[in-house]
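Visitor: One structure, as structure tokens, below. Some questions next.
Since every read-out is calculated from the coordinates, none of them should be taken as a lab result. What you are looking at is a predicted structure, and each value in this text was computed from that prediction instead of being measured. So basically every Cβ, Gly included, is an ideal-geometry build from the backbone, and we count neighbours across all protein chains shown.
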Amino acid sequence: MAVDKAISLSIVKLELEKCREYADKYGWEILTFDEDALLFKVKLSSPLNGEIFIVSFKCDNYREWPPYIDFIDPDSGQEGLKKSYPLSSDGFFHQNALICHPCSRKAYGDLKGPHGDWKLVDWENNPKIGALKSIPDIIIAIYERISQPEVYRGRMK
Amino acid sequence: MNYEHEHDQKLTILIESTQGDWEATFHKTAKISEVIEATRQHFGFSHEGNYQLKLATGETMRPERTLVSYQLKDGDHLTFVDLGVAVSYGG
């Protein structure tokens, strides 16, 4: 059952408030928040090499569904290009230009993602979800992955 | 072992997470991996995370090391984060 848009909006606003605390600490920039589309973008910079990554979060039907997360080309503004994604030492950032984790709607088979074995509505109870059950936690995970030399491998080619 | 000696062997630290803060006491020789696991359980996170503890300097603490090896003192703050497990499917 779809979540009332006003409910999703209030949750996203609360979580974005939390994000702003971390934004000050880590230098994130929340670029836009389209309340009607429940869509916002955040700009992250790798402290290791200064690479800029822009991440979009579409939060319709949140929290019944996880956010639809994608990366945006900082030059063209195009969404979903492989070269817009970071590369890490593991497969969290998937070569098909998606985050391969239950927190990412794009990874689900329902949206032609690789994980037909996951259920969108049960995303928060997926055993692999860990702590990534909220927008601040997801952004922290992405930021840590572009900040730690043991993990970060630059930009995808 | 008297109380004072026992107290000397313990360390009370504040672990910060997005879910709130947790003041907890550990043996000084507790491994970071043990502190991570206790924190995971405290906040009720699932087993399968890529959990880390970070010092106030931003340094990631190594799981095999002990609390005392980082020369922490009572009241120090650590940050708990999850980098997310990689569940890549043919990627």
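Visitor: So which lysines pass the test for A:LYS112, namely a Cα distance under 19 Å, with those fewer than 8 places away in the same chain ruled out?
Guide: Reachable lysines: A:LYS58, A:LYS82.
Visitor: Let me ask something else about it. Note the direction-averaged projected area, equal to a quarter of the hull surface, for the Cα convex hull of the protein assembly as shown, in nm². Please report the intermediate quantities before stating the final value.
Guide: Details: hull surface 57.2 nm².
Across all orientations, the protein assembly as shown yields a mean hull projection of 14.3 nm².
Visitor: Same structure again: Taking the Cα atoms of segment A:53-157 alone, what are Rg (to one decimal) and Dmax (as a whole number) in Å?
Guide: Radius of gyration, then largest Cα-Cα span, for segment A:53-157: 13.0, 37 Å.
Visitor: Enumerate by residue number the GluC sites (Glu not before Pro) in segment A:105-157 meeting two conditions: DSSP loop (anything except H, G, I, E, B), and at most 13 other Cβ atoms within 10 Å of the site's Cβ.
Guide: Values: sites: A:GLU124, A:GLU144, A:GLU150; in loops: A:GLU150.
Passing both the DSSP loop test and the Cβ count: A:GLU150.
Visitor: Which value in Å does the Kirkwood hydrodynamic radius of segment A:1-70 take, with 1/r averaged over all unlike C-alpha pairs and then inverted? Mind dumping the intermediate values first?
Guide: Details: mean 1/r = 0.0784 Å⁻¹.
12.7 Å is the Kirkwood radius here.
Visitor: Take chain B, compute every pairwise Cα distance, and split them into 10 Å bins from 0; I just need the percent in each bin.
Guide: With 10 Å bins starting at 0, P(r) equals 15, 49, 25, 8, 2, 1.
Visitor: So how much slack lies between A:LYS18 and A:LYS157, counting 0.36 nm per residue of separation and subtracting their Cα-Cα distance, in nm?
Guide: Numbers: separation 139, 0.36 × 139 = 50.04 nm, distance 3.27 nm.
Full extension from A:LYS18 to A:LYS157 adds 46.8 nm.
Visitor: Here is a follow-up. Normalised by the residues of chain B, what does the relative contact order come to in percent, with Cα pairs under 8 Å and at least six apart? Present the calculation step by step, with values, prior to reporting the outcome.
Guide: Details: 131 pairs, mean separation 31.7, N = 91.
Worked out over chain B, it gives 35 percent.
Visitor: Let me ask another. Give the order of B:THR18, B:THR60, A:THR32 when sorted by the count of other beta carbons within 10 angstrom, beginning with the fewest.
Guide: On the way: B:THR18 22, B:THR60 19, A:THR32 10.
Going from sparsest to densest Cβ surroundings: A:THR32, B:THR60, B:THR18.
Visitor: How far is helix B:32-43 tilted off the main Cα axis of chain B, in degrees rounded to 10, range 0 to 90?
Guide: 70
Visitor: Chymotrypsin sites (Phe, Trp or Tyr not before Pro) within segment B:1-79: which are DSSP loop residues with at most 13 other Cβ atoms inside 10 Å? Present the calculation step by step, with values, prior to reporting the outcome.
Guide: Details: sites: B:TYR3, B:TRP22, B:PHE26, B:PHE43, B:PHE45, B:TYR51, B:TYR70; in loops: B:PHE45.
Here no chymotrypsin sites (Phe, Trp or Tyr not before Pro) fit, given the DSSP loop and packing criteria.
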